[in-house]
Amino acid sequence: MLPPSDRVFAVGDTGTGKSYFLSRQVLPRYARVIVLDVTGEMWLQRAALAGRAVQVDSAAAVVRQVQALAPLRSPWRIYAALTEAETVKLCTALVPERIATAPSLSRAVGGLAVYCDELETVAGHSSDPMVNGLWNRGRHVYLTIIGATQYPTSVKPLVRGASRLFVVGQLGDPNAVDYLRRAGMPEKVMSWVESLQFQHLVLFDKRVRRGWLLDRDHRQVDVFLP
């Protein structure tokens, strides 16, 4: 079971199974999820994530929906198709700059998870500084961040540095492999990454420095213990 507030970073080429793993094994652990639906495709695939689904197109609408859905005991997912400016507004509502005194939408409802399947579009190298708060201050407001990308080198290093759980699929770009090596994965775990079969995955928990090699059915093939 994942902790109530954490950072999950999934990387891998398209079709390698990282998003499937997140939707089947990680996201069901969270009852309240805001999906940053950059392309609109997540809304079309909403049946993959159990729970009541609502679509919105502004930060203010996200706030209203969270407040309306918060009392529900059953899972819910808000699919937010936001512009860059609206995304910054949402980040500010979730993790305000002055977290000690300003209200936080996440803290107000006892914690939320934010999921983005195209993380480079939200947390790229030139993204607004308020986006950083999701990773470097989100734990103070019980916020979990779950992000996936095909292009890890296009994601700011803060994400790699702040993430605890890494989900890794096949990577065809050697620069992407080096990007992961700088996350401090042990050499045995990196050897799995460099020789992954199609739709096999590597999981690495940075906090306890434990790794797992999974087959395409998410069954354990090998384990690395510190």
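Below is a table of values for the structure above.
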item	result
Spans of helices (runs of 4 or more DSSP H) in region 25-136 with at least 3 residues over 20 Å from Arg7 (Cβ atoms)	41-44, 59-69, 84-94
Residue in region 55-68 that is at pLDDT below 95, among the aliphatic types (A, V, I, L, M) and more than 29 Å from Arg219 (Cα to Cα) present	no
Residue tally, condition surrounded by 15 or more Cβ atoms within 10 Å (Cβ to Cβ) and either in contact with a Gly (Cβ under 7 Å, 6 or more places away or on another chain) or within 24 Å of Lys156 (Cα to Cα) (or both), over region 211-226	2
Pairs where the first residue, in region 81-104, is surrounded by fewer than 19 Cβ atoms within 10 Å (Cβ to Cβ) and the second is of a type in the set (Ser, Thr, Tyr), C-beta under 6 Å, 6+ apart	Glu86/Ser58
So Arg139, is it of a type in the set (D, E, K, R), part of a helix (DSSP H, G or I), in contact with a Lys or Arg (Cβ under 9 Å, 6 or more places away or on another chain) and surrounded by fewer than 22 Cβ atoms within 10 Å (Cβ to Cβ)	yes
Options Val167, Val193: the member that is surrounded by 14 or more Cβ atoms within 10 Å (Cβ to Cβ) and part of a strand (DSSP E or B)	Val167
Which listed residue is closer than 17 Å to Leu27 by Cβ and modelled with pLDDT of 95 or more, from Gly51, Gly147, Gly124	Gly147
Failed criterion for Ile145 (all others in (1) out of contact with any Lys or Arg (no Cβ under 8 Å at 6 or more places or on another chain); (2) touching a residue at least 24 places away in the same chain (Cβ under 8 Å) hold)	(1)
Hits in region 207-220 (condition: assigned to a loop (DSSP other than H, G, I, E, B) and either touching a strand residue (DSSP E or B) at 6+ places or on another chain (Cβ under 7 Å) or polar (S, T, N, Q) (or both))	Asp215
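The values are calculated or read from the model by the stated rules, or taken from the named source; none is laboratory data. Because the structure is predicted, anything quoted here is derived from the model rather than measured. Quick reminder, even Gly has a Cβ in these numbers, built from the backbone with ideal geometry, and neighbours come from all protein chains shown.
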